[in-house]
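What follows is a short report on a single structure.
The values are calculated or read from the model by the stated rules, or taken from the named source; none is laboratory data. From a predicted model like this one, the values you see are computed outputs, not experimental measurements. Here the Cβ positions follow ideal geometry from the backbone for every residue, glycine too, while neighbour counts run over all protein chains shown. Ligands, DNA and RNA are stripped out before the accessible areas are found, and what is left, the full protein with its side chains, is counted by its heavy atoms. Shrake-Rupley method; radii C 1.70, N 1.55, O 1.52, S 1.80 Å.
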Number of protein chains: 2
Amino acid sequence: MARRYDHTRDEIRQMAITAGTLLIETSGFAKFSARRVAKEIGYSVGTLYNVFENYDELILRINAQTLTEIIEKMQKVLLHAQSPQKMLAQVSDLYINFAIDHFNRWSCLYEYRSVHQKVLPDWYLIKVNQLFKIIESILMMGLCKKQENAEQSAKVIWASVHGICQLSLSGRIDIVGRAADKINMLVGNFVDHYTAGLAQNA
Amino acid sequence: MARRYDHTRDEIRQMAITAGTLLIETSGFAKFSARRVAKEIGYSVGTLYNVFENYDELILRINAQTLTEIIEKMQKVLLHAQSPQKMLAQVSDLYINFAIDHFNRWSCLYEYRSVHQKVLPDWYLIKVNQLFKIIESILMMGLCKKQENAEQSAKVIWASVHGICQLSLSGRIDIVGRAADKINMLVGNFVDHYTAGLAQNA
DNA sequence: TTTTTTAATTGAACACTGTTCAATTGTATG
DNA sequence: CATACAATTGAACAGTGTTCAATTAAAAAA
């Protein structure tokens, strides 16, 4: 068939992203493929390639949605102000628990390295930056005075929390007991000492 | 042909690891394949699968050698004692520069997620732990008194340095200027504040 | 020396992958 | 009703990891 007008271009895109998200969530990235997504939404592979530039874009769009979910959760923490240290702990805790609860999707954020583009597209980097901005705004609530310091520390904090999360969940840091507890302990150790150092410097 | 005895099982393994390492180093993981490695060492794919359990093992063996190289470089830092802070900075600097100079091999350490085994094999984890032990021993030179504190902080420090390195080199932290300088600045920020917090606590 | 046994080595075959693009087909216009 | 148009298809291509019957060179036995 052709020009079915059952769905617009954008609708098909959204259907693919939704179906792909579900596929990764349940079966993991290893079982993910363009053909599978196509079958899931009732279109052929060809249609998928009309609507997405390539495989990379499909994955990045799925990842962008995952990021959006994480960011939305984290932004809620900003609503009721507390000490910066407590807010950092809360935000980290959210990230860790998302990574555990949606392990497959979270893995996909970092697992796939594009073959075509060496650099991440702007629309994706905007999402990433939103995450850093959240940390930045928390730091400006007392831990940092200059904006440039907050920017740098936000990068350091986020990279550290992510690093602890990644090495833990990929089994490179031996964690005995409940994963969430153990990772939280390491992140707690980091936040405590790092913010203590920050406060001392300010 | 059969039973050529040109090379022993172990020799073929080593040839494959060496050839695979070179292939990843020069062309990146995307262009890497079992068939390519086989052709490179003058054997068929079948032989590769006689000598390695599967594709995963081949990659992990290559990764283990990459880790060995990194560890050997880092162990040299331990030879001339200095302040723990300076030694941590040196060790981090080594890691960052290895990641930049051998980007493809370094990426491969974290890029590939095994389809077969969920858990990394013991012989690989031993290598990973050697890295943590180096940090631990540095921490025990004054920054930590109890072994258990050193163990936990070593994990935090290593995960943080790695996280900064990964997010930077994957283009998720915008780094203007020379990559090595910018990453070093972030790692410096981390080491300074974290160790200040540690020292304060001790 | 010749035959038999043994095991190292091969490569075609299988089911899959991302990607392309001529052919098809449902819709809208002249 | 014929024509033009574009959305949709799926076979085709070159590649992947993996398997395993068939081949073949070396060692052992006759």
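Can you list, largest first and rounded to whole Å, the semi-axes you get for the stretch B:19-140 by taking the square root of 5 times each eigenvalue of its Cα gyration tensor?
Values: eigenvalues 198, 48, 25 Å².
Those come to 31, 16, 11 Å.
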- request: Would you look at the GNM of chain B, springs on alpha carbons closer than 10 Å, and say which of B:45, B:115, B:128 moves the most?
  value: B:115
Normalised alpha carbon radius of gyration of the protein assembly as shown [divisor 2.2 N^0.38 Å]: 1.06
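Mind checking the mean number of beta-carbon atoms from other chains within 10 Å of the Cβ atoms in B:105-115?
Details: counts 0, 0, 1, 1, 1, 7, 4, 2, 9, 1, 4.
Taking all residues of B:105-115 together, the mean is 3.
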- line: A 1.4 Å probe over the protein heavy atoms gives the stretch A:65-201 a carbon and sulfur accessible-area percentage of 54 percent
- prompt: Using a label point 7 angstrom from Cα along Cα-to-C-beta, what distances in nm, from shortest up, separate residue A:174 from the other copies?
  reply: 4.3
query: What net charge do the residues around residue B:96 carry, taking every other residue with its C-beta under 12 Å from that of residue B:96, with Lys and Arg at +1 and Asp and Glu at -1?
result: 0
- line: Reported to the nearest 10 Å², residue A:33 has, with a 1.4 Å probe, an accessible area equal to 40 Å²
query: Shielding of A:186-193 by partners, i.e. mean partner chain Cβ atoms within 10 Å per residue?
result: 6
- prompt: Shortest first and in nm to one decimal, what separations exist between residue A:44 and its copies in the other chains, measuring from label points 7 Å along the Cα-to-beta-carbon line?
  reply: 3.7
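Would you calculate the volume per residue, in Å³, of the smallest convex hull containing every Cα atom of the stretch B:62-201?
Dividing the Cα hull volume of the stretch B:62-201 by its residues yields 120 Å³.
Compute for chains A and B the buried accessible surface, both sides summed, probe 1.4 Å, and express it in Å² to the nearest 100. Please report the intermediate quantities before stating the final value.
Details: alone 11710 and 11750 Å², together 19710 Å².
Summing both sides, the interface buries roughly 3800 Å².
Figure the gain on full extension for residue A:9 and residue A:86 (residue separation times 0.36 nm, minus the Cα-Cα span) and round it to one decimal in nm. Mind dumping the intermediate values first?
Working: separation 77, 0.36 × 77 = 27.72 nm, distance 4.44 nm.
Going from the current span to full extension adds 23.3 nm.
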- prompt: How many nanometers, to one decimal and shortest first, lie between the label point of residue A:103 and those of its other copies, if labels sit 7 Å from Cα toward Cβ?
  reply: 3.2
message: Not counting ligands, DNA or RNA, and with a 1.4 Å probe, what is residue B:101's accessible surface area in Å² rounded to the nearest 10?
response: 100 Å²
- line: Largest fluctuation, B:191, B:176, B:91 only, Gaussian network model of chain B with Cα springs under 10 angstrom, belongs to B:176
task: Could you check the simple spin-label distance between residue A:69 and residue A:113, using points 7 Å along Cα→Cβ, in nm with one decimal?
output: 2.6 nm
message: If you split all Cα-Cα distances of the stretch A:1-52 into 10 Å bins from zero, what percentages do you get per bin, shortest first?
response: 26, 56, 16, 2
field: Beta carbon of chain B nearest to the axis of the rotation taking B to A, residue and angstrom distance
entry: B:163, 1
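With every protein chain present, what is the per residue accessible area of the stretch A:1-52 (1.4 Å probe, Å²)? Before the final figure, lay out each step's value.
Working: 3410 Å² over 52 residues.
Result: 66 Å² of accessible area for each residue.
The stretch B:29-84: Rg/Rh from Cα coordinates, Kirkwood Rh?
In the stretch B:29-84, Rg relative to Rh is 1.24.
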field: Within a Gaussian network of chain A (alpha carbon springs, distance under 10 Å), most fluctuating of A:104, A:54, A:184
entry: A:54
